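Have a look at the structure below, then the notes.
Read-outs: derived from the displayed coordinates by stated rules, not from any lab. Not measured: the values here are computed from a predicted model. So basically every Cβ, Gly included, is an ideal-geometry build from the backbone, and we count neighbours across all protein chains shown.
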Amino acid sequence: MTVYEYTMGKEMDLKAEQERTLATPKLPANLILRFMFWQIDALYGKAMSLPKAIVLEILARYPYWAWENGAYHYLSKLYSGTGKVSQEKVETALRHIQMGRESQDNEQWHMLLWADLCHQKGIKLGKIRHFLLPKAMTLVYFCITRVMYWLNPVWSFAMNAAFESHAEHEYMFYAKEHPEFENEPADSVWFKYYPKQKSLADLIRRVGLDERDHMNHSLEEVERLQRS
Ligand SMILES: [Fe+2]
Ligand SMILES: [Fe+2]
């Protein structure tokens, strides 16, 4: 039985969950992530903002893509021989493909929502800081996480858990630092894919909770892989 609690699709007390996050330490980040977080702070500011959130969300999709891609490669390898294929190995690959697809979509809705809100607020996004630099960062992040997945998937899931823990804390702290968001409504065309919330503050907290769910999925997968 799982010890992890998942929140997606459930009615949650978002403020209580925000407090819970802020009272819990972040998962420790490895050197790769620490360098990446330092780089993002240096380029987009230490304080969270909608433009910075877009960059985080662009990056957040790449480990999921790497797992999906890696698991498909693995399936091809398994089935390009003539021997009997282990059902357990196939089930693991299928699970990683499913995790990769679902979380990639969720991160994509986050990215689209923040980009739409930036557009509505008239926040200009520059070509270098919001196109070229994220492109370079995602290429490096994808390659690192894909190689980790190939060498030992546990490394990749553990690194992703720490990335998601960082994102969860960033969002919950962002909502706390901006009490004016409590009374600010948030509307977007993308609410046809993502649950609409009462205020911008609740939307930020809901996204923060999604990041906690992503972290827990990765931690659960680390345990599962270490047991097998
Ligand atoms: Fe996200
Ligand atoms: Fe996430």
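Numerical summary
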{"quantity": "Candidate set from region 131-160 (those that are touching a Phe, Trp or Tyr at 6+ places or on another chain (Cβ under 7 Å) and within 16 Å of ligand 2 (Cβ to nearest atom)); member that is farthest from residue 95 (Cα to Cα)", "calculated": "138"}
{"quantity": "So residue 71, is it more than 16 Å from ligand 2 (Cβ to nearest atom), buried (at least 20 other Cβ atoms within 10 Å of the Cβ) and within 21 Å of the chain's Cα centre (by Cα)", "calculated": "yes"}
{"quantity": "Residues of region 115-154 classified as among the small types (Gly, Ala, Ser) and within 19 Å of the chain's Cα centre (by Cα), total", "calculated": "2"}
{"quantity": "Residue in region 186-200 that is within 14 Å of ligand 2 (Cβ to nearest atom) and more than 13 Å from the chain's Cα centre (by Cα) present", "calculated": "yes"}
{"quantity": "Of all residues making up region 182-228, the number that are within 30 Å of residue 153 (Cβ to Cβ) and either surrounded by 13 or more Cβ atoms within 10 Å (Cβ to Cβ) or in contact with a strand residue (DSSP E or B) (Cβ under 6 Å, 6 or more places away or on another chain) (or both)", "calculated": "22"}
{"quantity": "Residue count, region 23-45 (criterion: under 18 Å from the mean Cα position of the chain (by Cα) and small (Gly, Ala, Ser))", "calculated": "1"}
{"quantity": "Residue list for region 99-130, filter: outside any loop (DSSP other than H, G, I, E, B), of a type outside the set (Lys, Arg), more than 16 Å from ligand 2 (Cβ to nearest atom) and over 15 Å from residue 59 (Cβ atoms)", "calculated": "116, 117, 118, 119, 120, 128"}
{"quantity": "Residue count for region 176-210, restricted to those that are closer than 22 Å to residue 5 by Cα, within 14 Å of ligand 1 (Cβ to nearest atom), assigned to a helix (DSSP H, G or I) and in contact (Cβ under 8 Å) with a residue 60 or more places away in the chain", "calculated": "7"}
{"quantity": "Leading residue by the ranking (nearest to ligand 1 (Cβ to nearest atom)) among those in region 98-152 that are of a type in the set (Lys, Arg) and loosely packed, with under 15 Cβ neighbours inside 10 Å", "calculated": "101"}
{"quantity": "Top-ranked residue in region 1-24 [being of a type in the set (Ser, Thr, Tyr) and in contact (Cβ under 8 Å) with a residue 40 or more places away in the chain; ranked as surrounded by the most Cβ atoms within 10 Å (Cβ to Cβ)]", "calculated": "21"}
